[in-house]
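The values are calculated or read from the model by the stated rules, or taken from the named source; none is laboratory data. All of these numbers come straight from a predicted model, not from anything done at the bench. Backbone-built Cβ (ideal geometry, glycine too); neighbour counts: all protein chains shown. To get the accessible areas, we keep the full protein, side chains included, count just its heavy atoms, and leave off ligands, DNA and RNA. Shrake-Rupley method; radii C 1.70, N 1.55, O 1.52, S 1.80 Å.
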Amino acid sequence: MDTRPLISKPEIICIVAVLAAAAILLFFWTFIGGRLEAVVTVDGQETMRTTIEKKEAKIFFCEERPSVAFSIGDNAAAIIESDCPDQICVRTGALRFHGQSAVCLPNRIALRVVKINPSAADTDLIIGTKK
(Lines give C-alpha, C1' and ligand atoms only; values in the text may rest on other atoms or scores of the structure.)
Protein backbone atom coordinates (compact mmCIF):
# COMPACT_ATOMS: atom_id res chain seq x y z
CA MET A 1 0.00 0.00 0.00
CA ASP A 2 1.37 3.39 -1.08
CA THR A 3 1.27 6.10 1.63
CA ARG A 4 2.64 8.97 -0.46
CA PRO A 5 0.45 12.07 -0.57
CA LEU A 6 -1.40 12.76 -3.80
CA ILE A 7 0.29 16.16 -4.15
CA SER A 8 3.71 16.96 -2.72
CA LYS A 9 4.58 20.13 -0.79
CA PRO A 10 6.63 21.65 -3.65
CA GLU A 11 3.70 21.10 -6.03
CA ILE A 12 1.31 22.79 -3.59
CA ILE A 13 3.68 25.76 -3.25
CA CYS A 14 3.94 26.04 -7.03
CA ILE A 15 0.15 25.91 -7.48
CA VAL A 16 -0.40 28.57 -4.80
CA ALA A 17 2.26 30.82 -6.38
CA VAL A 18 0.69 30.53 -9.84
CA LEU A 19 -2.80 31.25 -8.47
CA ALA A 20 -1.51 34.27 -6.52
CA ALA A 21 0.24 35.65 -9.60
CA ALA A 22 -2.92 35.17 -11.67
CA ALA A 23 -5.03 36.96 -9.04
CA ILE A 24 -2.62 39.90 -8.92
CA LEU A 25 -2.56 40.21 -12.71
CA LEU A 26 -6.35 40.02 -12.87
CA PHE A 27 -6.64 42.74 -10.23
CA PHE A 28 -4.30 45.10 -12.08
CA TRP A 29 -5.88 44.31 -15.45
CA THR A 30 -9.40 44.96 -14.17
CA PHE A 31 -9.13 47.73 -11.60
CA ILE A 32 -5.87 49.62 -12.02
CA GLY A 33 -4.64 51.85 -14.79
CA GLY A 34 -6.17 53.24 -17.91
CA ARG A 35 -8.78 55.88 -18.43
CA LEU A 36 -12.45 55.01 -18.37
CA GLU A 37 -15.42 56.04 -20.46
CA ALA A 38 -19.13 55.98 -19.75
CA VAL A 39 -21.16 54.56 -22.62
CA VAL A 40 -24.93 55.06 -22.82
CA THR A 41 -27.02 52.89 -25.12
CA VAL A 42 -30.72 53.28 -25.88
CA ASP A 43 -32.52 50.40 -27.60
CA GLY A 44 -29.09 48.82 -28.18
CA GLN A 45 -27.73 51.86 -30.05
CA GLU A 46 -24.87 53.89 -28.57
CA THR A 47 -26.10 57.45 -27.98
CA MET A 48 -23.37 58.91 -25.78
CA ARG A 49 -19.74 58.21 -24.89
CA THR A 50 -17.76 60.44 -22.57
CA THR A 51 -14.59 60.20 -20.50
CA ILE A 52 -15.01 59.67 -16.77
CA GLU A 53 -12.76 62.26 -15.15
CA LYS A 54 -11.71 63.24 -11.67
CA LYS A 55 -13.42 66.58 -12.09
CA GLU A 56 -16.73 67.43 -10.47
CA ALA A 57 -19.59 65.29 -11.77
CA LYS A 58 -21.86 66.70 -14.46
CA ILE A 59 -25.50 65.81 -15.02
CA PHE A 60 -26.56 64.53 -18.44
CA PHE A 61 -30.04 63.77 -19.74
CA CYS A 62 -30.84 61.22 -22.40
CA GLU A 63 -32.31 62.98 -25.44
CA GLU A 64 -34.40 59.93 -26.36
CA ARG A 65 -35.63 59.42 -22.77
CA PRO A 66 -35.61 62.83 -20.99
CA SER A 67 -36.86 61.25 -17.77
CA VAL A 68 -33.49 59.50 -17.27
CA ALA A 69 -30.52 61.45 -15.85
CA PHE A 70 -26.88 60.42 -15.51
CA SER A 71 -24.10 61.73 -13.30
CA ILE A 72 -20.67 61.38 -14.90
CA GLY A 73 -17.47 62.57 -13.25
CA ASP A 74 -15.69 62.35 -9.91
CA ASN A 75 -14.25 59.01 -11.12
CA ALA A 76 -17.70 57.43 -11.47
CA ALA A 77 -20.83 57.20 -13.60
CA ALA A 78 -24.36 56.56 -12.38
CA ILE A 79 -28.00 56.69 -13.33
CA ILE A 80 -29.34 59.16 -10.79
CA GLU A 81 -32.94 59.61 -11.92
CA SER A 82 -35.47 57.54 -13.84
CA ASP A 83 -39.23 57.28 -14.11
CA CYS A 84 -39.19 53.47 -14.00
CA PRO A 85 -41.25 51.85 -11.22
CA ASP A 86 -38.60 49.65 -9.57
CA GLN A 87 -35.62 52.10 -9.57
CA ILE A 88 -33.08 49.25 -9.76
CA CYS A 89 -30.97 51.30 -12.17
CA VAL A 90 -30.79 54.20 -9.70
CA ARG A 91 -30.09 51.92 -6.72
CA THR A 92 -27.18 50.32 -8.60
CA GLY A 93 -25.19 53.38 -7.56
CA ALA A 94 -21.80 54.59 -8.75
CA LEU A 95 -19.97 52.61 -11.40
CA ARG A 96 -16.21 52.98 -10.97
CA PHE A 97 -14.57 49.99 -12.66
CA HIS A 98 -14.26 48.61 -16.17
CA GLY A 99 -17.09 46.22 -16.95
CA GLN A 100 -19.65 47.56 -14.49
CA SER A 101 -23.08 48.51 -15.81
CA ALA A 102 -26.48 49.79 -14.77
CA VAL A 103 -29.53 48.93 -16.85
CA CYS A 104 -33.02 50.43 -16.90
CA LEU A 105 -35.17 47.76 -18.58
CA PRO A 106 -38.45 49.73 -18.79
CA ASN A 107 -36.65 52.58 -20.60
CA ARG A 108 -34.31 50.22 -22.51
CA ILE A 109 -31.22 52.17 -21.42
CA ALA A 110 -27.83 50.81 -20.39
CA LEU A 111 -24.91 52.66 -18.82
CA ARG A 112 -21.56 50.84 -19.06
CA VAL A 113 -18.04 51.68 -17.95
CA VAL A 114 -15.32 50.68 -20.41
CA LYS A 115 -11.59 51.26 -20.70
CA ILE A 116 -10.51 53.67 -23.39
CA ASN A 117 -8.64 51.89 -26.15
CA PRO A 118 -5.30 53.62 -26.62
CA SER A 119 -4.87 55.04 -30.09
CA ALA A 120 -1.70 55.60 -32.06
CA ALA A 121 -1.77 59.24 -30.96
CA ASP A 122 -1.46 58.13 -27.33
CA THR A 123 1.57 55.94 -28.05
CA ASP A 124 4.77 57.04 -26.33
CA LEU A 125 7.19 54.72 -28.11
CA ILE A 126 7.14 52.04 -30.79
CA ILE A 127 10.10 49.69 -31.04
CA GLY A 128 10.72 47.56 -34.11
CA THR A 129 10.50 47.86 -37.84
CA LYS A 130 7.56 47.74 -40.14
CA LYS A 131 7.98 45.50 -43.19
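Take residue 46 and tell me if it is acidic (Asp, Glu) and exposed (fewer than 14 other Cβ atoms within 10 Å of the Cβ).
Working: acidic (Asp, Glu): yes; exposed (fewer than 14 other Cβ atoms within 10 Å of the Cβ): yes.
Yes, satisfied.
Does any residue of the stretch 32-40 turn out to be at pLDDT below 90, open to solvent by 40 Å² or more (accessible area, probe 1.4 Å), farther than 16 Å from residue 110 by Cβ and in contact with a strand residue (DSSP E or B) (Cβ under 7 Å, 6 or more places away or on another chain)? Looking through the stretch 32-40, at least one residue is at pLDDT below 90, open to solvent by 40 Å² or more (accessible area, probe 1.4 Å), farther than 16 Å from residue 110 by Cβ and in contact with a strand residue (DSSP E or B) (Cβ under 7 Å, 6 or more places away or on another chain). Total residues in the stretch 41-81 satisfying the condition of being under 12 Å from residue 109 (Cα atoms), modelled with pLDDT under 90 and of a type in the set (D, E, K, R): the figure is 3. Of all the criteria given as (1) part of a helix (DSSP H, G or I); (2) more than 19 Å from residue 99 (Cα to Cα); (3) modelled with pLDDT under 90, the one not satisfied by residue 14 is (3).
When the stretch 60-118 is filtered for residues that are open to solvent by less than 30 Å² (accessible area, probe 1.4 Å), out of contact with any Cys (no Cβ under 6 Å at 6 or more places or on another chain), part of a strand (DSSP E or B) and of a type in the set (Gly, Ala, Ser), the ones remaining, listed by number, are 69, 71, 73, 76, 77, 78, 110.
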